[in-house]
Amino acid sequence: MSVSFLSTVSSLVPTPSTCKTTVTRCPATNVGVIRCQKIETDVSSEDGLRRRDVLKCFAATIGMELIGSSGSFVEMASAADLIQRRQRSEFQSNVKGTFLTLIKGKPDLIPSILTLALNDIMTYDKATKSGGPNGSIRFSSEISRPENKGLSAALDVIEIAKKEIDSYSKGGPISYADLIQYAAQSALKATFLASAIRKCGGNVEKGGLLYAAYGSSGQWGLFDRQFGRTDALEPDPEGRIPQWEKATVQEMKDKFSAIGLGPRQLAVMSAFLGPDQTATEALLATDPDVSPWIQKYQRSRETVSETDYEVDLITTLTKLSSLGQQINYEAYTYPVRKIELSKLKL
C-alpha cells in the first residue's frame with residue numbers, strides 16, 4: 001500500500017538546527033623581486049646570456065612586480081565577497097525560520113503552497129524565454145485565474161511572511177519570486193520531517209534524529225544559491241498553465257515537455273499538482289510512460305531515507321525554480337559600517 005507524500009503533514013513538528021561557520025584568515029605572502037645581472041661573454045657562445053633570456057627575465061620581473069602590487073586588491077575583493085556571502089546566508093537562514101514558524105501553524109496549506117510555487121513557475125515559455133518563477137502570480141488578475149483557484153490562502157501566507165521578513169531585512173525588501181520558491185522549499189522540508197516522525201511511530205525526537213541522519217538536507221545547496229530572483233512588473237500571459245485537477249495525463253506531459261522535462265519529473269512533482277497527491281498519482285499511473293516512475297517513488301517513500309524520491313524532487317524543483325531568471329548574487333547584501341579608529345577612546 002502506497003503512502004502519500006502529503007499524508008504525514010499532521011505529525012509536523014519542527015526540530016531546531018544550528019549552523020556554525022568558521023573563516024580562516026591567511027597571511028599575505030611577501031613577493032620577491034627578480035633581478036638580472038649582465039654577464040660579459042661572447043654573444044655567439046651557446047652558454048652566454050641570449051637576448052631571449054634577457055627578455056624572459058625582464059618579463060618575469062614585471063610580472064612579479066604586478067602580482068605584488070595587486071595583492072592588496074585581491075585580498076580586499078576576497079574579504080568583500082566573504083562578507084556578502086555571510087550576509088546572504090544569515091538573511092536566508094532567517095527567511096527559512098520565518099516560513100518554518102508559519103507552516104507549523106498552517107500545515108493544511110502545504111499542498112496549496114506547493115501548487116502556488118509550481119504555477120508561478122509554469123508560466124515559463126521556452127521559445128520567448130518569458131514568464132517563469134517571477135512572482136507574477138501575486139497580481140490579482142493572475143491569482144484569480146481558473147488554474148489558480150483555491151490558492152489565495154497560500155498567497156496570504158506569502159504576504160504575511162513578506163511583511164515580517166522586510167521588517168528585519170538589512171538589504172532591502174525580499175522579492176515575491178524568492179519568497180514563493182522558499183515557501184515551497186520549507187513546505188517540502190516540513191513534510192520530509194513529518195514522514196520521518198511517522199516512520200518512528202510518531203516519536204518526534206526520534207523522527208528528528210532520523211531525518212537529520214538520513215534526510216536530504218544536504219541536497220539543497222544549489223537551490224539555496226539561486227537566491228536573488230527578480231519580480232515581474234505585470235501578470236504573465238494567460239493560457240500557459242493547465243488546470244491540474246481537470247487535466248489529462250497527456251496534457252500534463254505536454255506541459256512538462258514544453259519546458260524541457262519528461263515523465264520522470266512529472267511523476268516526482270505529483271505533490272505539486274493539486275491538493276490530493278494520492279488521486280493525482282493514481283491518474284498518472286494509468287500512463288505507461290509515467291507509471292514506472294510513480295511506482296519507483298512510492299517505494300522510495302517507504303524506505304528509511306526516501307533517497308531516490310527526495311533527491312529527484314529537490315533536483316527537479318531546483319531546475320524549475322530558476323527558469324527564465326537571471327539570479328542577482330549580490331541581492332540582500334548591504335554596506336558594512338566602517339569603524340573610525342581615530343574616534344575610539346582608550
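The values are calculated or read from the model by the stated rules, or taken from the named source; none is laboratory data. Everything numeric in this text was worked out from a predicted model, so none of it was measured. As a convention, Cβ positions derive from the backbone with ideal geometry for all residues, glycine included, and neighbour counts pool all protein chains shown. Calculation scope for accessible area: heavy atoms of the full protein, side chains included, ligands and nucleic acids excluded. Shrake-Rupley method; radii C 1.70, N 1.55, O 1.52, S 1.80 Å.
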- Filter segment 287-306 for residues that are open to solvent by 70 Å² or more (accessible area, probe 1.4 Å) and either modelled with pLDDT under 95 or charged (D, E, K, R) (or both); the one that is farthest from Lys126 (Cα to Cα) is Val304
- With the first residue restricted to segment 329-346 and required to be closer than 30 Å to Leu222 by Cα, and the second required to be open to solvent by 100 Å² or more (accessible area, probe 1.4 Å) and at pLDDT 70 or above, Cβ contacts under 6 Å at 6 or more apart or on different chains are Tyr334/Lys170
- Note on the structure: In segment 84-130, anything outside any helix (DSSP H, G or I), open to solvent by 10 Å² or more (accessible area, probe 1.4 Å) and out of contact with any Phe, Trp or Tyr (no Cβ under 8 Å at 6 or more places or on another chain) is listed as Lys106, Tyr124, Asp125, Lys126, Ala127, Thr128, Lys129
- Restricting segment 228-247 to residues that are of a type outside the set (A, V, I, L, M, F, W, C) and free of Cβ contacts under 8 Å to residues at least 12 places away in the same chain, the one least open to solvent (accessible area, probe 1.4 Å) turns out to be Gly239
- From the list Ile67, Ile83, Ile110, which residue is at pLDDT 95 or above and not hydroxyl-bearing (Ser, Thr, Tyr)? Ile110
- Can you tell me which residues in segment 165-193 are open to solvent by less than 20 Å² (accessible area, probe 1.4 Å), of a type in the set (S, T, N, Q) and not in a helix (DSSP H, G or I)? Ser175
- Give the number of residues within segment 206-224 that are crowded, with 18+ Cβ neighbours inside 10 Å and either closer than 21 Å to Ile180 by Cα or out of contact with any Ser or Thr (no Cβ under 6 Å at 6 or more places or on another chain) (or both). 6
- Task: Mind listing whichever residues of segment 248-277 are of a type in the set (A, V, I, L, M), open to solvent by 10 Å² or more (accessible area, probe 1.4 Å) and out of contact with any strand residue (DSSP E or B) (no Cβ under 9 Å at 6 or more places or on another chain)?
- Result: Val249, Leu261
- Does Glu159 fit the bill of being more than 18 Å from Trp244 (Cβ to Cβ), among the charged types (D, E, K, R) and open to solvent by 10 Å² or more (accessible area, probe 1.4 Å)? yes
- Residue count, segment 316-333 (criterion: over 12 Å from Gly228 (Cα atoms) and open to solvent by 30 Å² or more (accessible area, probe 1.4 Å)): 2
